[in-house]
Structure formats: structure tokens, C-alpha cells
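See structure below.
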Amino acid sequence: MKNIAGMIMLTVVFLTACGDLSAEDETNSEGSEQNTPQEKTEKNKDDQEKSKEEGKPDEENAAEKKNQQDESESSEEKPVETLYQVDSETSSIVPVNEEATEKAVLLTIDDVPDSHALDMARTLKDLNAGAIFFVNGHFLKSQLDKDVLKQIKKLGFEIGNHTDSHPFLPDLPREEQKNEIVTLSDEIEDIIGERPKFFRAPNGANTEYSKKVAENEGMVVMNWTYGYDYFEPYMDAEKLTEAMVTGKGPEVDVPHSLLKPGANLLMHDREWTAAALEDIVAGLRDKGYKIADPKTIKTID
Ligand SMILES: [Zn+2]
């Protein structure tokens, strides 16, 4: 009985999860004090650009760029040992090597790069915590968007494919499903010089065909174990931190913890998630969890 209840819980979490678009809609409908998503995005990006230009002498900017280049070169040069593989049923990461710490979690960030991805990448970099950033083509329209993606890559993060326009894949004919996946991998390659190795469908909704396309494109397909930042009660840094660190989301009917070794944690490019990120990483580490380096996850060669 307990197992069945657990399964139902998981299914509920799953079906409502990565409710990226619906979560956005809910947030936006709160309305009055918020700008439209488009305005918000552009404003924040302007701010980012301004802060890049303001107050930093050119030399310092150049030094920063150089450092980032060095980081990316060194991380690419070092051969990294494969420690984990993604379980195709549960999306957990499973040790494949005695060197692997079993008590580890994988951090993933979807709907990138909207307004907060670069800040989130810098936060994670400072904490020496790896993550996969799953990007959408509709966030890669401007040169600034593309530069942000390049910087996230240079900071050492894995870039994943989250489809071109974030559709519900099961609603699309095969040809469009394929386009959604392949055109974005092409675009990512144009920008960062390599094709993504991981794929996550919007809302976790794959078809047998979309899975096959993603795998033929050389990507490991994954959903996630839990995530709470797209549920209204957890659109708050403090409450989100508590939910992510405990694995429990009592306000969305997850009274028991979903945190366990290998858990694949879903987050998004959102204001409250960016604000919570440092505490989430610290909290998970306090509980004895290692943040897995995505570069140690087995990919399709
Ligand atoms: Zn999404």
C-alpha cells in the first residue's frame, strides 16, 4: 500500500512537474507589481549588460575573460573519469565506478538563459558545484542571449537541450518533434562549438519518437526526481530552500522526502530559485550530499 501511495505521489509530481509554462502563467497573472515576462527579461538583461560595462576597468574585464577562457580550456583538456550513469527509468544518477560517491545529487536548471541563468552559474561556480543548464531556442534570439550561453559554458557547466520552443512534444507531428530537438542542437553547436549531450523534454513529456531522436542525436534523455520552484507555494526563496533541501513539498502533497542518493534535482531560471541557490547547495552538503559533476556522467559516444 505504501509503495502504491508513493507511486501515486511520484506520478502527481511528475505530471505536474516542469510546469514551466503554467508556472510562468500563474506568476504572471499575479500581475500588478510585475512586468510582463518579456519586459522583465529585457530589463534584467539590460541590467546585466550595464553592470558588465559599469565600474569595471577594461583591464579587469579582459582579465576576467582570460580567466574564464583558462577555466574552460583546462576543464576541456582534463580527461574526466566516468562515475555515474543516468537510470533511464528514474532519471537518478547511479554509480558505475568504485570511485563514485553514492550519496550525490545532480543539479539541473531548465528554461535557460532567461533572466537569471548567468547569475546562477556564477553562484554555482563560486560554490564549486556543477550543474546541467537546459536551454531553449526561444531564449537564444539576441547576441546577448548567445553571449550569456557562451559564458555559462565557459564557467564549466554542461549545456543540455530543452527543445527549441518548449512545446508539449506529444501534441506535435513527428517532423516537428524532430525539428524542435535537432534545430536547437545545431544552434547550440553554432554558439558554443559543441552539441549538447543531455536532453530533457518540456514538462518531462517525451514520446517514444522524441526519445529516439534525442538518442540518435547523441543525447542522454532524462527527467528528474523532484523539483518545487514551479509550484506557487514554493515561489519564495526560503520556502524553496526548505523544500529542495528536505525533499519534501507538503504544500503540494509531497509530505515525504524525495531526497535520496542519486536524486536528479530540477530547478529553473527564476528569481526565487536564483535567490535560494546558495542555501540549497549548502543545505544539501550539510546533509552529507555531494553535488555531482555532470562531466562525470556517462554520455552517448
Ligand atoms: Zn521547461
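The values are calculated or read from the model by the stated rules, or taken from the named source; none is laboratory data. For clarity, every value in this text was computed on a predicted model and none was experimentally measured. Reconstructed Cβ throughout: ideal geometry from the backbone, glycine too, with neighbour counts over all protein chains shown.
Here are some notes:
- Close pairs (8 angstrom Cβ cut-off, 6 or more residues apart or separate chains): within 16 Å of Ile109 (Cα to Cα) and in a loop (DSSP other than H, G, I, E, B) in region 213-242, modelled with pLDDT under 95 and acidic (Asp, Glu) anywhere: Tyr230/Asp20
- Some residue of region 180-190 being touching a Phe, Trp or Tyr at 6+ places or on another chain (Cβ under 9 Å) and within 16 Å of the ligand (Cβ to nearest atom): yes
- Number of positions in region 193-209 that are of a type in the set (D, E, K, R) and either within 15 Å of the ligand (Cβ to nearest atom) or in a strand (DSSP E or B) (or both): 1
- Some residue of region 132-149 being part of a strand (DSSP E or B), within 15 Å of the ligand (Cβ to nearest atom), polar (S, T, N, Q) and under 16 Å from the mean Cα position of the chain (by Cα): no
- Matching residues, region 191-238, being more than 13 Å from the chain's Cα centre (by Cα), within 18 Å of Phe157 (Cβ to Cβ) and of a type in the set (A, V, I, L, M): Ile191, Ile192, Met219, Val220
- Residue within region 237-259 that is among the aliphatic types (A, V, I, L, M) and within 15 Å of the ligand (Cβ to nearest atom) present: no
- Filter result for the condition that a residue is under 14 Å from the mean Cα position of the chain (by Cα), surrounded by 15 or more Cβ atoms within 10 Å (Cβ to Cβ) and either in a loop (DSSP other than H, G, I, E, B) or among the hydrophobic types (A, V, I, L, M, F, W, C) (or both), over Ile188, Ile159, Ile181: Ile159
- The sole residue among Val221, Val254, Val245, Val281 that is within 18 Å of His162 (Cβ to Cβ) and of a type in the set (A, V, I, L, M, F, W, C) is Val221.
- Scanning region 93-124 for residues that are under 20 Å from Lys197 (Cβ atoms), more than 16 Å from the ligand (Cβ to nearest atom) and modelled with pLDDT of 95 or more gives Ile93, Val94, Pro95, Val96, Ala100, Ala104, Val105, Leu106, Ala121, Leu124.
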